[in-house]
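Student: Encoded as structure tokens, here's the structure I'll be asking about.
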Amino acid sequence: MSVFKVRIPISRIGVLIGTKGEVKRIIEDKCHVKLDIDGSSGDVEISSVDNGDVLSPLVAKNVVLAIGRGFSPERALKLLEEDMMFEIIDLRDDLGLSENDIRRIQGRIIGREGKARKMIEELTGVYVSVYGNTVSLIGKSPWFEVAREAIQMLIDGRQHSTVYKYLTRERKRIKRLEMDIWKKPDGV
């Protein structure tokens with residue numbers, strides 16, 4: 001039996017549980033796990049309830065962490081879909097960043113009235129959440145890598161216009177590759 005322990009912000013416990021326990025129940029049912037939630041510490045224990053899929057508790061762990069990092073339950077539950085990827089970028093990991101530096105970077109990633117985050121999400125289909133000292137992503141490859149690179153460009157201080165051009169160029173490139181996959185070879 002697999003058991004995972006994670007801690008999420010206490011302020012996100014209510015979202016994880018949901019109205020009348022609905023979100024908790026959905027995660028437990030779909031992932032075949034039991035969630036033991038400590039509302040006073042933010043600790044969540046995830047244990048498998050049967051000897052079925054060994055990956056289900058891992059997926060449930062990521063869903064819990066995603067909710068803890070600011071994603072809505074609907075977006076976090078996208079991790080149940082095949083080939084979905086999840087990453088948490090901790091801005092404190094960059095050496096020498098002050099709290100003001102972190103707030104400035106968060107503002108750059110979100111953009112004025114949410115424009116930068118919205119552009120990344122619309123051009124890549126990857127969900128982005130800025131919460132606490134973290135930036136988190138949920139999406140599918142190859143778009144996931146493009147969104148991650150766009151976020152890194154903003155962290156590194158690149159101009160928003162440069163990032164938007166990168167996103168547009170990569171979107172065209174990936175769409176072209178996808179079209180090439182579906183073309184019939186000559187003579188067939």
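Student: Out of (1) of a type in the set (Val, Ile, Thr); (2) in contact with a Cys (Cβ under 9 Å, 6 or more places away or on another chain); (3) not assigned by TED's automatic domain parsing to the domain that holds residue 35, the odd one out for residue 63 is which?
Tutor: (3)
Here is a yes/no grid of residues against (1) assigned by TED's automatic domain parsing to the domain that holds residue 133; (2) of a type in the set (Val, Ile, Thr):
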position: 23; (1), (2): no, yes
position: 32; (1), (2): no, no
position: 37; (1), (2): no, yes
position: 56; (1), (2): no, no
position: 67; (1), (2): no, yes
position: 97; (1), (2): yes, no
position: 100; (1), (2): yes, no
position: 113; (1), (2): yes, no
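Student: Keeping to segment 35-63, report how many residues are in a loop (DSSP other than H, G, I, E, B) and either in contact with a Phe, Trp or Tyr (Cβ under 9 Å, 6 or more places away or on another chain) or of a type outside the set (A, V, I, L, M, F, W, C) (or both).
Tutor: Of the residues in that region, 9 qualify.
Student: Might you check whether a residue that is surrounded by 15 or more Cβ atoms within 10 Å (Cβ to Cβ) and of a type in the set (Ser, Thr, Tyr) occurs anywhere in segment 48-70?
Tutor: yes
Student: Then there is this: Hey, among the residues in segment 8-33 that are modelled with pLDDT under 95 and either buried (at least 18 other Cβ atoms within 10 Å of the Cβ) or basic (Lys, Arg) (or both), which one's farthest from residue 73 (Cα to Cα)?
Tutor: 33
Student: Here's another thing I want to ask about it. Which numbered condition trips up residue 97, out of (1) in contact with a Leu (Cβ under 7 Å, 6 or more places away or on another chain); (2) surrounded by 17 or more Cβ atoms within 10 Å (Cβ to Cβ); (3) among the hydrophobic types (A, V, I, L, M, F, W, C)?
Tutor: It is condition (2) that residue 97 fails.
Student: Then there is this: List pairs: first residue in segment 32-53 and farther than 19 Å from residue 11 by Cβ and in contact (Cβ under 8 Å) with a residue 24 or more places away in the chain, second residue surrounded by 15 or more Cβ atoms within 10 Å (Cβ to Cβ) and of a type in the set (D, E, K, R) anywhere in the structure, Cβ distance under 9 angstrom, at least six positions apart or on different chains.
Tutor: The qualifying pairs are 33/61; 45/34; 46/34; 46/61; 47/34; 48/34.
Student: Follow-up question, since we're still on this one. What tally of residues in segment 82-104 results from selecting those that are out of contact with any strand residue (DSSP E or B) (no Cβ under 8 Å at 6 or more places or on another chain) and closer than 30 Å to residue 31 by Cβ?
Tutor: Residues meeting the conditions: 3.
Student: Moving on. Have a look at 152, 106 and point out the one that is surrounded by fewer than 16 Cβ atoms within 10 Å (Cβ to Cβ) and under 30 Å from residue 10 (Cα atoms).
Tutor: From the options 152, 106, the qualifying one is 152.
Student: Something else now. In this structure, does residue 87 turn out to be in a strand (DSSP E or B) and of a type in the set (D, E, K, R)?
Tutor: So residue 87 fits the description; yes.
The values are calculated or read from the model by the stated rules, or taken from the named source; none is laboratory data. Note that the structure is a prediction, hence the values are computed from the model and not measured. Methodologically, a virtual Cβ is constructed for each residue, glycine included, from the backbone with ideal geometry; neighbour enumeration extends over all protein chains shown.
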